[in-house]
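Asker: Would you mind keeping the following structure in view while I ask a few things?
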Amino acid sequence: MKHYVGDRTIDGVKVTVDGAPLDPCTGVKEFTKNGFEWSYEGPEPRQLALALLVNHLGDTSKAMASVEPFMQAVVANFGNEWEMTSADIDEALAALPGKAVA
């Protein structure tokens, strides 16, 4: 099970998966050049939502289909520091309106 962690530090935001930096997946879709952010709706949280979903699902099409609702329901509501597991992401995806990912 993967473990995702986000933290705001004096040097900026840091997002890891199992201790390694999370790939922003700009090769899939670049919503912003400003990196990751969370706690609001916008391009930086959307980039984080995409990165989390691509890493977790391993399927860019499924990830793209769920980026917007996942960003709105989950990423926009993260606190300054957050943690999620693969199981947490599965649970969040199952609760999304329309359940874009099966």
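Asker: Scanning the range 1-38 for residues that are at negative phi and among the acidic types (Asp, Glu), which turns out modelled with the lowest pLDDT?
Answerer: For the range 1-38, the residue satisfying everything is 11.
Asker: Further, regarding this structure: Suppose we keep only residues that are more than 9 Å from the chain's Cα centre (by Cα) and not polar (S, T, N, Q) within the range 39-55. Which one would you say is surrounded by the most Cβ atoms within 10 Å (Cβ to Cβ)?
Answerer: Here the answer is 44.
Asker: Identify the residue in the range 71-87 that is without any contact (Cβ under 8 Å) to a residue 60 or more places away in the chain and either over 11 Å from the mean Cα position of the chain (by Cα) or more than 18 Å from residue 3 (Cβ to Cβ) (or both) and, among all such residues, is surrounded by the most Cβ atoms within 10 Å (Cβ to Cβ).
Answerer: Step by step, filter the range 71-87, then rank; the result is 71.
Asker: Output the residues belonging to the range 33-71 that are touching a Pro at 6+ places or on another chain (Cβ under 9 Å) and polar (S, T, N, Q).
Answerer: Once the filter is applied, which keeps residues that are touching a Pro at 6+ places or on another chain (Cβ under 9 Å) and polar (S, T, N, Q), the range 33-71 yields 34, 39, 47.
Asker: Can residue 5 be described as surrounded by 15 or more Cβ atoms within 10 Å (Cβ to Cβ), touching a residue at least 60 places away in the same chain (Cβ under 8 Å) and closer than 13 Å to residue 83 by Cα?
Answerer: Answer is yes for this residue.
Asker: Restricting the range 8-22 to residues that are out of contact with any strand residue (DSSP E or B) (no Cβ under 6 Å at 6 or more places or on another chain) and surrounded by fewer than 14 Cβ atoms within 10 Å (Cβ to Cβ), which is nearest to residue 61 (Cα to Cα)?
Answerer: 21
The values are calculated or read from the model by the stated rules, or taken from the named source; none is laboratory data. Bear in mind that the values here come from a model prediction, so they are computed numbers and not experimental data. Cβ sites come from the backbone with ideal geometry, for glycine too, and all protein chains shown count toward neighbours.
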